[in-house]
Each structure stands twice: as C-alpha cells, then as structure tokens.
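Please treat every number below as a calculation from the coordinates, not as lab data. What you see is a predicted model, and the numbers here were worked out from it, not measured in a lab. Ideal geometry is used to build each Cβ from the backbone, glycine not excepted, and the neighbour counts take in all protein chains shown.
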Amino acid sequence: MSLHPQTLALHGGHRADPVTGATAPPIYFTTSYHYPSADYARRLFGMEVIGYTYTRTSNPSREVLERRVAAMEGGKAALALASGAAAVADALLALAQTGDNVVFARATLRGAGRDLAIQLRRFGIEPREAETVADFAAATDARTRLWFAESVSAPGLQRFPIAAVAAAGRALGVPLAIDNSRLPALVRPVEEGAAIVIYAADSWLTGREGSLGGVLVDAGTFSWESHRFPTLYTPDPSYHGAIWTEVVKQWNASPLIARARGGVLRDFGAAISPMAVFQILQGLESLPLRMRAHAENAARVADWLTLRPEARDLRVAGGLVAFAWPAAEKFLAALTLFQRDGGLGGLRSAATATDDGRILLSVGVEHPDDILADLQAALISTPTLVSNPT
C-alpha cells in the first residue's frame, strides 16, 4: 500500500521495537556491538553481511530516522549525520575529489555556500556558479560531479526551478542535489527530479532549536554507475578496495549512501547522537501539520503587509516572509512576540535583518491574530519614514 507523507511521518521506518514492542523507537546509547564469532566479525567488516560495526557509521536508532525520512521523501535510502552542514559535506565528498568541480546555484554560492566554497577549494574541488538552466549546462564539463542548489534561497526567497534544472542535468548525466531544509513537506524535490535531497534537522524539519542533525537522501532514480562517478565505481583504497556500486547490489542498496557512510562519515566522523535522533523523530511526526500552519500564518502576514505602503519587494516561501522596510532595525527592536535570536524555522516566530537592510520573518505557529498584533504594535511605535518625492 502506498502511503502519503503525512502518514509516513508517523509510521515510516518503525512500527514497534522487535524485542520489546515499544512503539517509540528506543534510544540505543552504545558505541560498540557484540560479535558472536571472529568469522562473523570478518564477514561483517568485509560487507558480506549486514550488521552493526560501530556507532559512528551505524546505530539502530539512526536507522529508524534514515528509513523514515527516505520513505517520506520517496527516496531509496538515507544517511543521518551530525548536522545539515555535515550532510552537505558528505554528499559532495562522496562524489567529488581533487580536480573535480561542482556547479552551485548563484544564490546558494553567494549566500550560505560562501564559506563552503572556500573549504572545497582547499580540497582541490572547484566550485562553479550558475543561475539559469543554460548557465548550469555551460559550466559543466567531464569533471563535473554534481549540481547543487537550495529549493528556496534566503534572504531573497527565490524558488529554484528544480524540475527544469534536474531534467537538463540528467540529459548530461549530472545529478542535481537540493537542500530542502527551508521547505520540507511543502516542496517534493524527488518528485521534481532531484537525485539527492539534503536536510538540516535543527529547524523546520523538527521545529526544535535543540536538536542538531542532518539527513542525506538518495532518490534512487539516478544511475551511479556512470563514468562520472569514479569514487563509486572504482576500488576505494580507504575501504580495502571496495567498489561501492558492486558491493550494494546484493542488497539493492544505494552506492551513494554506502560510500557516504562507509567512507566519508567513517573517516571524518560527523556522527549524530542517538538522543538527537530520538528528538528529531518526535518532531518529524508533526512535520506536515506544522508546515501547513507555518505556511498559512505566513500567508496571513503577507496579506497584512500588502496593505502597508512601507513594505516593499514582498516575498513569501513556506513559513518565511521577506520584505524591505524603512528603519528596519527600529521595527525589529519594537517586536515583542517575534524572537530576535537569529534562529529561523522553529515553532516560535523569529525575525532578523539581512545584510541589505531587509527584514526576514520566520513565521511560527502561534495564533495568527497574535502574530499580526505584534507586527501592528511595532508599526505604530516606529516612525514612518517619508521618502523624498523628488
């Protein structure tokens, strides 16, 4: 039976613990696992059988999260990591190596990806910049391993044309990775053709500001045996010559996730805590309902702002609202319900000023009348700036 994402958020990847019958996934606080024999350990580390070797690479708690997110996204497999940044890094380093290049959406490379680009250059991986579909194609050569973009940029809140770019990439044999951290449940990257989906779990995905984590999802719709991915189809010297595309065939698994787990995660160690996994799983259960509430409240805020001549260049995406406002800092200071801690994507409304003097609101799930009342009070207490008519 095919289930909807809202149902999978509650049932995907776990129904009950096979040992105790617990309906909430148990927290497995262990680093190590018992091997019944030396032969079993040999076969386990030789990837002849599936099992647990060390919690840095696998853990029963983490498996539930990985199965659930993969199911919700309509993907083949997933890998949970210590942060969203770790999920991005694992995706990039699983596919690219010295001498390769990755093409980024311009909005990403000039926003959250600026520092990432510096680090990639230190690995000898060239970050390239593109904006249109034609730009992505023009920036691609034989050493291009991946196209990368965010489903919506911040603070510009411009929706990325996933379907068009993904189709162009597939024609060239290049996968598109989408960071969908700001629009989970509202945008379906796999359905639009993305080969990889990435999430930071510390904001919209769980609604919590206390659970750091990230998830990397392989859609399962892209062939990783292409000549573009030597890290997957040639022997990996870091794992006794394993060829990831061959190893996973016996389990019909993802070579991308296998390489990201057995290579990058194992060696760089960005392992997620079992406690964080448990907290993220609790937040996931309400994700579809929360995102619907965020989006509805954001739409109410946007409608209110359209009636204010002070608000210019208004943009809305999911639970985010961005606009230009005179005396933005004074307006933000007058807000009392909206938090000004820089944390976006939580249950509580938050606001921040962008580098170009705009206001970015992360609209929470409070009652919409209370949200609008706070904005109205800030408007009243902020002197209106009258522009020079000339």
Original post:
Sorted from largest down, what three extents in whole angstroms do the Cα atoms of the range 164-297 have along their principal axes?
Top reply: 50, 37, 23
**OP:** Please list, in chain and number order, the residues 5+ apart from residue 146 or on another chain whose amide H is under 5 Å from its amide H, with Hs placed from the backbone.
**Re:** 103
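If neighbour count is taken as other Cβ atoms inside 10 Å, put 198, 243 in order from fewest to most.
Working: 198 27, 243 15.
Least to most surrounded, the residues fall as 243, 198.
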**OP:** Give the Cα extents of the range 95-170 along the principal axes, in whole Å, largest first.
**Re:** 32, 27, 17
**OP:** Just flag the chymotrypsin sites (Phe, Trp or Tyr not before Pro) in the range 1-90 sitting in loop per DSSP whose Cβ has no more than 15 other Cβ atoms within 10 Å.
**Re:** 29
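With Rg and the Kirkwood Rh both taken from Cα atoms, where does Rg over Rh land for the range 17-87? The partial results should precede the final answer.
Details: Rg = 13.9 Å, Rh = 13.9 Å.
Rounded to two decimals, Rg over Rh is 1.00.
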Original post:
Once the Cα gyration tensor of the chain is diagonalised, what are the square roots of 5 times its eigenvalues, in whole Å and ordered largest first, as equivalent ellipsoid semi-axes?
Top reply: 40, 26, 17
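Over the residues of the range 218-325, compute the C-alpha Rg and express it relative to 2.2 N^0.38 Å.
On the way: Rg = 22.3 Å, N = 108, 2.2 N^0.38 = 13.0 Å.
This ratio for the range 218-325 stands at 1.71.
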Subject >> DSSP-loop chymotrypsin sites (Phe, Trp or Tyr not before Pro) across the range 188-267, with at most 13 other Cβ within 10 angstrom >> reply: none
**OP:** Once you've got the GNM for the chain with C-alpha springs shorter than 10 Å, pick whichever of 255, 184, 288 has the biggest mean-square fluctuation.
**Re:** 288
Subject >> Dipole of the chain, positive end: most advanced residue of 283, 301, 346 [Cβ charges, Cα centre] >> reply: 283
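What's the whole-number percent of alpha carbon pairs in the range 132-229 lying beyond 16 angstrom?
Details: 2664 of 4753 pairs.
Every Cα pair in the range 132-229 considered, those over 16 Å come to 56 percent.
Mind sorting 1, 291 by how few other Cβ atoms lie within 10 Å of their own Cβ, fewest first? Don't skip to the answer; put the middle values down first.
Numbers: 1 3, 291 21.
Final ranking by Cβ density, sparse to dense: 1, 291.
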Original post:
Over the range 42-173, what per residue volume does the convex hull of the Cα atoms give, in whole Å³?
Top reply: 150 Å³
Original post:
Going by how many other Cβ atoms sit within 10 Å of their own, how do 76, 249 line up, fewest first?
Top reply: 249, 76
**OP:** Using only the alpha carbons, work out the radius of gyration and Dmax of the range 288-381 in angstrom.
**Re:** 11.8, 36
Subject >> Nonlocal amide H pairs with residue 100, under 5 Å, H built at 1.01 Å >> reply: 126
Original post:
Scanning the chain for helices, which whole DSSP H stretches are 27 Å or more long along the axis (Cα) and average -1.0 or more by Kyte-Doolittle?
Top reply: 287-306
Original post:
Taking the Cα centre of the range 5-284 as the origin and placing charges on Cβ (Lys, Arg +1; Asp, Glu -1), which of 16, 98, 112 is farthest toward the positive end of the dipole?
Top reply: 16
